Amino acid sequence: MTDPRGMKRTAAIAAALVASLVASASAKPKDDGDDDVKIEDDQPSKAKKPKKTGDDTGDIQKQDLSGHDLGTSKRENVFERDRFFVDKTDTDKTAKGTLIQGSLTSTSFAYHESGGTLTPPAAGLLSPVPSASQFNRVFTDLRLQTDFRHISASRWDGRVDVRGRVVGDPGVVTTGFNPVTNSTVQSGFLGHNELDIKELWLVRNGPRSDLFFGRQFIADLGGVKIDGLRLDYASSAKFTLLGFAGLYPIRGSRSITTDYTALQSSPAPDGSRSSAGRFTGAGGFGAAYRTTEAYGSFGGVVLAPLSSESPRIFGTSTGYWRYGTKLDFYHFAIVDLLGSNTANVGLTNLSLGANYKPDQRLRGTLSFNRVDTETLNVQAQAFLANPDNKFNAIQNEAFVQRIATNEARSSLSAGLGPLQRVEITAALAYRYRGEVVLTAPPQMAGASMTTTLPSAQSVELYGAITDRHSIKDLRLGVDASRIFGVGSATYQRTTSLSLRASAAHDIANGQGEWEAEVAYSSSKDDTAGMTCIGDLATCFGAAKSTIVSLGGNLYYRFNRDWFAMGSAFLNRTAITHIDMSGAVEDPAVLGLTGYFRVAYRF
């Protein structure tokens, strides 16, 4: 259960920090000029940059690893002029104080289903069960992102990125809802209201060193999120050393109320768990590099739970390299050296890719991606159920099972006709998952039962054709995807076919755009039509389903500072259960999805 008092205290602390940053940004000489609102980011400053002081020495153009581009004194260009989320440049006015930039975004989402009543397996055995979900999903997000550059003409910068979500109460938004203990809605991390502090930091910039304080992402070392300190030191214009230390919030947490939830140990032989405290320490060291042809970073990270689990130590590397004007390569890797994540040879995350563009009309891509379960046991155990010692139920949320998936993909796109009016794309993907061994739970003393799920693989074929200037100057497109199994077992045990057609056109000479689409997809379980007799290796489902979807999107840029988008989709889902005794068709389910976002930049 969430403690409202704790959430209020934490929210008050966050609000105080935000207010402190804003107050610092406002501490500048009084301006007696006109206070009318003006668009000033089109006026590059001719004033001299504030003189920097401090104990740092050296005169180099160091890398800026804070997430900004070329800084407030960069030269504007036509490619960025009309981008919505873009760093501003200094004006004569802001160069003497604080340059404030950011955005405020509101996002709302709603989903509703309706349908008939499922046929019970035997007359009189079960109460009527609706085919559609009885729960409506409704939420609203509000996100503020603000940067404070050279606060009061000093060496200090700051960033605030805060998101709040309000979710609907099922008892209010769902007709006939019957509340149960600890009931939640399917939204966010745990289905509750959220106050998420994504970033909240200050940085003291020097000619060679930058020191960060607060909540931040260490994008150069595996994207680790910490509450702590980071130090960057430029040993040269091309090479920057970096290190960090702090606390590591729960991976996947979306609210300050769950960032440091009480951790739990792995189940003991009797199925019980013990407390593992609330905190996990984090630290790391590495380097970032940048040349005219390449950039990237590499280093090592330690995540150390204070109890019940040994530290996780991994190495990470990311980089991009351009070879000439036609070919470039990129990579991202996380290799676990110590800890629970070494289960699958320690290769936790790997992405390799190449882009080839021999001319303006032809582009080819080749990539490989591997993703494993990347979390600490004590953090995952905090949200799992205690094993049932009496074996009254089948449980799939009591233990952590690390499963790695792999995908290799290639694609080729060609632009044909004047101004590349027609684009044709073809892609091929191969997916693979290794075998999974399920063992008896530890409370089954002396049991040695194991079940091996064989490895599975599938192939996806994809093709698309787009005409950018078709009838009535519409942009028309069609695409198709076919997924089928290869070998003895199909990846996800399902084959599918997806088709889509779309049409789009701009509004008000490019100020906006509307897009409409119709889509169809069908899938069939591999065991549809077969009799399942308690064999876990083959009993994965026996259904055939189809989905028809119709809807559209609308985008509109009111002016340079206001942007809105919305979408509405209607879909119909039909499911037929097929086994050796026959086929049973469920009542169709109609789903309605609505989405709206409005954003303001300042």
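Nothing in this text is a laboratory measurement; each read-out follows from the coordinates by a stated rule. Owing to the predicted nature of the structure, the values given are computational and were not obtained by experimental measurement. Neighbour counts run over all protein chains shown; Cβ positions are idealised from the backbone, glycine included.
A few notes on this one:
- Here the Karplus curve 6.51 cos²θ - 1.76 cosθ + 1.60, taken at θ = phi - 60°, turns the phi angles of the range 505-513 into couplings of 7, 7, 10, 6, 6, x, 6, x, 7 Hz, with x standing for Gly and Pro.
- Order of Ile256, Ile100 under a 10 Å beta carbon neighbour criterion, fewest first: Ile100, Ile256
- Theoretical gain in end-to-end length, Ser567 to Ala516 [0.36 nm per residue, Cα-Cα removed]: 17.4 nm
- Ser310-Ile507 FRET efficiency (beta carbon distance; Förster radius 56 Å; 0.05 resolution): 0.45
- Loop-located trypsin sites (Lys or Arg not before Pro) in the range 292-327, at most 14 other Cβ atoms within 10 Å (DSSP): Lys326
- In Hz, Karplus ³J(HN,Hα) per residue of the range 203-212 (6.51, -1.76, 1.60; θ = phi - 60°; x = Gly, Pro): 9, 9, 8, x, x, 10, 10, 10, 10, 9
- Straightening the chain between Phe368 and Thr291 buys 25.2 nm, computed as 0.36 nm per residue apart minus the Cα-Cα spacing.
- Debye intensity ratio I(q)/I(0), log10, the range 466-602, q values 0.14, 0.15, 0.17, 0.18 Å⁻¹ (C-alpha model): -0.82, -0.87, -0.99, -1.05
- Neighbourhood net charge (14 Å Cβ-Cβ; Lys/Arg +1, Asp/Glu -1) for Ala564: +2
- When you count the other C-beta atoms within 10 angstrom of each residue and take the mean per peptide, 555-564, 196-205, 493-502 line up highest first as 196-205, 493-502, 555-564.
- Taking Cβ atoms as reference points and 12 Å as the exclusive limit, the residues near Asn553 contribute a net charge of -2, counting Lys and Arg as +1 and Asp and Glu as -1.
- Relative contact order for the range 371-513, counting Cα pairs under 8 Å that sit 6 or more residues apart, in percent: 16
- Charge-dipole axis of the range 249-376 as Lys and Arg at +1 and Asp and Glu at -1 on Cβ define it, positive-most pick from Ala343, Gly300, Ala268: Gly300
- Cβ charges +1 (Lys, Arg) and -1 (Asp, Glu), total dipole of the range 317-464, debye: 540
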